[in-house]
Amino acid sequence: MENWTIPLIELGDLKVKLLQGGMGVGISGAGLASAVANEGGLGVIAAVGLMEARGYQGNYVRESNRALRDEIRTARSKMNGSGGLGVNVMHVLTNYSDLVRVALEENVDVIVSGAGIPRDLPAYAREVGNTHTKLVPIVSSAKLAGMMCKSWSKYNHLPDAIVVEGPKAGGHLGYSSEQLSDPNFVEHGLETIVQEVVEAVKPFEAERKIPIIAGGGIFYGGDIKRFLDLGASGVQMATRFVTTDECDADIGFKQEYLKAKKEDIVIIQSPVGMPGRALKSDFLREVEQGMRKPVQCPYHCLKSCSPKDSPYCIAKVMVDAQKGKFENGYTFVGQNAWRCNEIVPVKIVFEQLNQEYLNGKVSD
């Protein structure tokens with residue numbers, strides 16, 4: 001960390017440069033997470049879809065647990081740096097509690113949880129007897145941030161940090177279609193919400209400060225400075241790490257990011273009933289034209305998914321995309337995915353971010 005000039009995020013005794021956002025179905029697995037950790041960041045394995053990405057078959061819950069445990073242990077075997085290892089577990093998963101327990105049993109440094117309201121996360125830590133793992137919810141509003149603090153205080157465990165994920169993020173978004181069609185809200189929403197969350201958590205900070213982590217659309221080092229100036233303690237970044245050598249996706253997946261133009265990034269209605277930001281593909285065009293048909297659900301992995309009403313299985317199409325088969329799938333992307341223009345090692349990304357922070361380069 002000798003040449004790193006950006007303030008570190010303090011998560012208790014763990015100090016990291018930034019949080020790498022969890023990207024599901026095998027995009028951020030052991031390879032990317034360990035590389036980020038080795039550069040002093042918090043590398044995050046996304047728990048969703050690991051069974052499918054690894055090609056495991058059999059009982060869904062059992063094999064999903066095995067896949068996550070294997071991924072954590074593989075990441076640890078590659079780690080030699082000063083950062084940490086985290087796991088992202090979406091609350092909307094039908095096997096949420098099982099995956100959380102695996103992460104706690106493996107004593108990861110941080111569990112990040114969103115896509116729902118993870119009121120019960122501290123209860124699992126208490127049940128397992130884990131006092132090491134930091135617990136970090138993802139929120140999209142100050143109201144939800146206050147709710148999480150109040151809810152978790154019953155367990156005498158305030159959030160160890162809170163990630164505020166804004167409307168420029170990739171994947172499923174915690175905002176209405178109306179909000180996402182408002183250019184002013186999309187452009188400036190995260191700045192406003194971060195400041196509101198900073199104020200909302202102050203009544204709970206008598207014992208210690210709760211770091212606020214800004215995420216969604218943060219691409220350059222100058223973006224990091226902007227949010228630090230607004231009161232955030234640091235940032236979560238995902239898109240920038242897709243086009244790295246160590247990202248766990250197929251090279252064909254990464255090349256889709258390199259080919260993307262700004263107009264290729266669109267808001268879609270996901271089959272799980274939420275809006276999401278994705279990259280245009282032939283598959284999505286066929287869905288829009290009604291050419292895709294519902295298929296039998298192999299897993300029922302998401303609580304909010306209704307297989308009989310879905311035009312496709314989102315788990316299957318995401319696995320195909322991760323393997324570079326975009327004729328059968330598509331990828332979620334952040335709004336700044338079109339800015340990716342080269343595939344480089346994770347180490348270079350950190351060096352670039354630090355230089356951009358110093359020279360003020362931003363994504364506006």
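In region 129-147, how many are over 16 Å from the mean Cα position of the chain (by Cα), at pLDDT 95 or above and of a type in the set (Val, Ile, Thr)?
1
To keep it simple, each residue is scored yes or no on (1) within 30 Å of Thr131 (Cβ to Cβ); (2) among the charged types (D, E, K, R).
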position	(1), (2)
Lys150	yes, yes
Val163	yes, no
Gly166	no, no
Ala169	no, no
Tyr175	no, no
Glu178	no, yes
Gly189	no, no
Val197	yes, no
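On the basis of being over 17 Å from the mean Cα position of the chain (by Cα), touching a residue at least 24 places away in the same chain (Cβ under 8 Å), in the same structural domain as Gly234 (by TED's automatic domain parsing) and crowded, with 24+ Cβ neighbours inside 10 Å, does Ser64 make the cut?
yes
Hey, which of the strands (runs of 3 or more DSSP E) in region 8-52, taking only ones fully inside, have at least 3 residues that are in the same structural domain as Asn65 (by TED's automatic domain parsing), closer than 16 Å to Val89 by Cβ and of a type in the set (A, V, I, L, M, F, W, C)? Let's see the steps before the verdict.
On the way: elements: 9-11, 14-16, 42-46.
Once the strands (runs of 3 or more DSSP E) in region 8-52 are filtered for at least 3 residues that are in the same structural domain as Asn65 (by TED's automatic domain parsing), closer than 16 Å to Val89 by Cβ and of a type in the set (A, V, I, L, M, F, W, C), what remains is 42-46.
When Lys143 is evaluated against the numbered criteria (1) farther than 21 Å from Val25 by Cα; (2) in a loop (DSSP other than H, G, I, E, B), which criterion, by number, is the only one it fails?
Only one criterion is unmet by Lys143, namely (2).
For region 235-265, which residues satisfy the criterion of being charged (D, E, K, R), farther than 16 Å from Ala35 by Cβ and crowded, with 22+ Cβ neighbours inside 10 Å? Don't jump to the end; show me each part of the working.
Taking region 235-265 and keeping what is charged (D, E, K, R), we get 240, 245-246, 248, 250, 254, 256, 259, 261-264.
Right, trim to farther than 16 Å from Ala35 by Cβ and you get 250, 256, 259, 261-264.
Passing the criteria: only Glu256.
Could you check how many residues of region 336-364 are modelled with pLDDT under 95 and of a type in the set (S, T, N, Q)?
Total satisfying the criteria: 1.
Give me a count of the residues in region 77-136 that are polar (S, T, N, Q), assigned to a loop (DSSP other than H, G, I, E, B), surrounded by 19 or more Cβ atoms within 10 Å (Cβ to Cβ) and touching a residue at least 40 places away in the same chain (Cβ under 8 Å).
So the count comes out to 1.
Could you please let me know if Leu50 is within 23 Å of Tyr330 (Cα to Cα), aliphatic (A, V, I, L, M) and in contact with an Asp or Glu (Cβ under 6 Å, 6 or more places away or on another chain)?
Numbers: within 23 Å of Tyr330 (Cα to Cα): yes; aliphatic (A, V, I, L, M): yes; in contact with an Asp or Glu (Cβ under 6 Å, 6 or more places away or on another chain): yes.
Spelling it out, Leu50 is indeed within 23 Å of Tyr330 (Cα to Cα), aliphatic (A, V, I, L, M) and in contact with an Asp or Glu (Cβ under 6 Å, 6 or more places away or on another chain).
Assuming Gly166 fulfils every condition listed in (1) out of contact with any Ser or Thr (no Cβ under 6 Å at 6 or more places or on another chain); (2) free of Cβ contacts under 8 Å to residues at least 60 places away in the same chain; (3) surrounded by fewer than 22 Cβ atoms within 10 Å (Cβ to Cβ) apart from one, which condition is it?
(3)
The values are calculated or read from the model by the stated rules, or taken from the named source; none is laboratory data. Only a predicted model underlies this, so the values are computations on that prediction, with no experimental measurement involved. Reconstructed Cβ throughout: ideal geometry from the backbone, glycine too, with neighbour counts over all protein chains shown.
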